[in-house]
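Some notes on the structure that comes next.
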């Protein structure tokens, strides 16, 4: 057993499984006082997007930059595009699942999430996005 002292209370917790972790969390959560600064949140969001990119295939060809979901093929046998940039018209396509997943992790609405991803994409790939489609 491990004894955890927090706020003057002792909690004895067995290290046996998920339910014990949940129980421990229920005791500790009321005492957690984390405050994430804007800069920290910004860095977390940038790291999230960089990891997102690094764990997918990125291809540049013709006027396009595409980020492809690995091991997921569309009906025609090609990898599934999750973000696509068209240099000809400046369009950035962000698939809805990508946007929804980003919004589930961070406290931004759809418009702010699109703008954040747009700014990240412009900086990462050194391009100018004229409009967003999702």
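Could you check the spin-label model distance between residue 89 and residue 39? Points 7 Å from the Cα along Cα→Cβ, value in nm.
4.1 nm
Taking square-rooted eigenvalues a ≥ b ≥ c of the alpha carbon gyration tensor, is the range 45-134 rounded, prolate or oblate, where a/c under 1.5 means rounded and, failing that, a/b exceeding b/c means prolate?
The shape class here is oblate.
Report the gain in length on full extension from residue 124 to residue 97: 0.36 nm times residue separation, minus Cα-Cα distance, nm rounded to one decimal.
7.6 nm
What is the fewest-to-most order of 86, 100 by other Cβ atoms lying within 10 Å of their Cβ?
Fewest-to-most Cβ neighbours within 10 Å comes out as 100, 86.
If you restrict to DSSP beta bridges whose two residues both lie in the range 41-134, what percentage is antiparallel, to the nearest 5?
About 85 percent, rounded to the nearest 5.
For residue 50 and residue 105, compute 0.36 nm times the residue count separating them, minus their Cα-Cα distance, and round to one decimal in nm.
Result for the pair: 18.3 nm of gain on full extension.
Given a cut-off of under 8 Å on Cα pairs at least six residues apart, what relative contact order in percent is computed for the range 38-133?
20 percent
Bear in mind these aren't lab numbers, they're just calculated from the coordinates by the rules spelled out. For clarity, every value in this text was computed on a predicted model and none was experimentally measured. We place every Cβ from the backbone using ideal geometry, glycine too, and count neighbours over all the protein chains shown.
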